[in-house]
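Worksheet: one structure, shown below.
The values are calculated or read from the model by the stated rules, or taken from the named source; none is laboratory data. Every value quoted in this text rests on a predicted model; they were computed, and no experiment measured them. Ideal geometry is used to build each Cβ from the backbone, glycine not excepted, and the neighbour counts take in all protein chains shown. With ligands, DNA and RNA removed, areas are computed over all heavy atoms of the protein, side chains included. Shrake-Rupley method; radii C 1.70, N 1.55, O 1.52, S 1.80 Å.
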Amino acid sequence: MKKMSICIIMLGMFLSVSFGQEQTKFGLGFEFHTFPSIFMMQDGVTSLGIYLPVEAGSLLIEPLVMYSSLSTEIDYDEYGIQDSETSESDFTLLIGIFIPTVKGKIRSYYGIRFGKSWSKNEDSRDNYDDYESDYLVIAPTVGAEYYISDNFTVGGEGMYTMVTNEEDEENYTTISKQSVLVPKFIVRFYF
């Protein structure tokens, strides 16, 4: 969490200096996935994002933070069966850079989100290994938002997310790639 706070503060300072002559507007947004809930649930885990939009002149810079965790504990009543506890957590930090176009009360934007996602799985059972991984995320994005007032918008967004992970083992290297089109409904508050 400390790394995330430092990144957001540095980004804010950069934007304030870079676009000092233009009025910078900050905001806070929350996303609601448009996928059916069955796609969003992975053993009870959902990961929804918090957006921190910064309007700076002709650019919209928008960090996106997502976090989810799940822990499961199984206590067996039978003698000889080992109790178990598992936990998994995911943390994602993406930075979006967009070019907005405003027509009346509608602002459309296009650009890219990029960043990293960190995953950690732990299992207390003897024959299971703990697992940590990190993923590179690149997501071309288009969206639009409707200004209900000067400080409140509702909008939609489509993110074509490309995730890459490379794991080096003793005798081999595994490269995993995944692509998903993610539609979202987003509510943003500007101040």
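Numbers at a glance
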| item | result |
| --- | --- |
| Those residues of segment 51-100 which are exposed (fewer than 12 other Cβ atoms within 10 Å of the Cβ) and closer than 29 Å to Gly155 by Cα, in sequence order | Ser58, Ile99 |
| Unmet requirement for Gln42, which otherwise passes all of (1) modelled with pLDDT under 90; (2) touching a helix residue (DSSP H, G or I) at 6+ places or on another chain (Cβ under 8 Å) | (2) |
| From the options Gly143, Gly111, residue that is at pLDDT 95 or above, open to solvent by less than 20 Å² (accessible area, probe 1.4 Å) and within 29 Å of Phe26 (Cβ to Cβ) | Gly143 |
| Leading residue by the ranking (most open to solvent (accessible area, probe 1.4 Å)) among those in segment 146-164 that are out of contact with any Phe, Trp or Tyr (no Cβ under 9 Å at 6 or more places or on another chain) and of a type in the set (Gly, Ala, Ser) | Ser149 |
| Scope segment 152-174; condition within 30 Å of Lys105 (Cβ to Cβ) and either without any contact (Cβ under 8 Å) to a residue 12 or more places away in the chain or aliphatic (A, V, I, L, M) (or both); matching residues | Val154, Met159 |
| Flag if Ser124 is open to solvent by less than 80 Å² (accessible area, probe 1.4 Å) and under 17 Å from the mean Cα position of the chain (by Cα) | no |
| Selected residue [within 30 Å of Glu73 (Cβ to Cβ) and more than 22 Å from the chain's Cα centre (by Cα)] from Asp134, Asp130 | Asp130 |
| Of all residues in segment 175-191 being open to solvent by less than 90 Å² (accessible area, probe 1.4 Å) and without any contact (Cβ under 8 Å) to a residue 60 or more places away in the chain, the one that is farthest from Gly143 (Cα to Cα) | Ser176 |
| Failed item, numbered, when Ile106 is tested on (1) under 30 Å from Ser58 (Cα atoms); (2) open to solvent by 60 Å² or more (accessible area, probe 1.4 Å); (3) free of Cβ contacts under 8 Å to residues at least 40 places away in the same chain | (3) |
